[in-house]
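None of the figures in this text is laboratory data; all of them are computed from the coordinates on show. Everything quoted here is computed from the prediction, not taken from an experiment. In this analysis, Cβ positions are derived from the backbone assuming ideal geometry, glycine residues included, and neighbour counts consider all displayed protein chains.
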Amino acid sequence: MIDTSDFRNGLHIIVDGDIYTIVEFMHVKPGKGGAFVRTKLKNVRTGAVIDKTFRAGERMEQAFLERKPMQFLYNQDDEYYLMDMDTYDQIMVRREQFGDGIKYLKENMEVTVLMHEGRVVGVEIPWFVELQVVETDPGVRGDTASGGSKPATLETGAVVRVPFHINVGDIIKVDTRTDQYLERVKAQ
């Protein structure tokens, strides 16, 4: 058991039977009344983010998650198959356990499986991925000075905003947490 004074970003706690990760927190001491802690929590299973307020000193159970690197092999409908790279054992994971990052998933990508008491509770994809642009409007010469952006479809089907100089066939680096284009890795 931990209390609100032990909170830190990235800590996993159990709230209402679900496992949440503390995204951010703030201790508040109002002039009148008791102190409290305002938090932003991310559900490990669904990826949903909620705001929750705890009284100062409130106790709750800490969730200890095991992180295991695995390789994504393939999917059939909503079932995704992963392989343990040490033992070569394969497991099946449901689509909803990936959260929003699933749109960046491609075959042979290494992912991190989160397990609680021997059960898979979530899958994290890498924060940064390099993917090929398969569809975007052609860049127009002289258009780069405006600093605008255009939509680009990546090889996994994800759509991100990219600068005008990015063309079909370019490989770009994307932050999967924010869906932001970071840089062009390789030009076509």
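Amide hydrogen proximity for Met109: with H placed 1.01 Å from N in the peptide plane, the residues at 5 or more positions away or on another chain lying under 5 Å are Phe72. Restricting the trypsin sites (Lys or Arg not before Pro) of the stretch 1-66 to loop positions (DSSP other than H, G, I, E, B) with no more than 12 neighbouring Cβ atoms within 10 Å leaves Arg8, Lys32.
Decide, for the stretch 20-68, between rounded, prolate and oblate: order the square roots of the alpha carbon gyration tensor eigenvalues as a ≥ b ≥ c, take rounded if a/c falls under 1.5, and otherwise choose prolate if a/b is larger than b/c, else oblate. It is prolate, given that a/c is not under 1.5 and a/b is the larger ratio. Considering only Val113, Val44, Val168, the Gaussian network model of the chain with Cα springs below 10 Å gives its largest mean-square fluctuation to Val168. Rounded to the nearest whole Hz, the Karplus-based 3J(HN,Hα) values (6.51 cos²θ - 1.76 cosθ + 1.60, θ = phi - 60°) of the stretch 67-84 follow the sequence 9, 10, x, 9, 10, 6, 9, 6, 9, 10, 6, 9, 10, 10, 9, 10, 10, 5, with x at glycine and proline. How many angstrom lie between the Cα centre of the stretch 23-44 and the Cα centre of the stretch 63-116? Computed from Cα coordinates, the inter-centre distance equals 33 Å.
Taking amide hydrogens as placed 1.01 Å from N in the peptide plane, the amide H of Glu24 sits under 5 Å from those of Lys40, each at least 5 positions away in sequence or on another chain. Remark on the chain: Rg and Dmax equal 20.5, 63 Å (Cα only). Loop only per DSSP, at most 14 neighbouring Cβ atoms within 10 Å: give me the chymotrypsin sites (Phe, Trp or Tyr not before Pro) in the stretch 1-88, ordered by residue number. Here the sparse-neighbourhood loop sites are Phe64, Tyr88.
Distance between the pseudo-spin-label points of Glu130 and Met92 (7 Å out from Cα toward the beta carbon): 3.5 nm.
Sequentially through the stretch 26-33, phi angles give Karplus couplings (6.51, -1.76, 1.60; θ = phi - 60°) of 8, 7, 10, 10, x, x, 10, x Hz, Gly and Pro residues having no value and appearing as x.
Karplus-derived 3J(HN,Hα) values for the stretch 156-170, using 6.51 cos²θ - 1.76 cosθ + 1.60 with θ = phi - 60°, are 8, x, 5, 10, 10, 7, 10, x, 4, 7, 7, 10, 4, x, 5 Hz; glycine and proline are entered as x.
A DSSP coil position with no more than 15 other Cβ atoms inside 10 Å describes the following GluC sites (Glu not before Pro) in the stretch 1-62: Glu58. Dipole check for the stretch 66-124: with +1 at the C-beta of Lys and Arg, -1 at the C-beta of Asp and Glu, and the Cα centre as origin, the magnitude is about 120 Debye.
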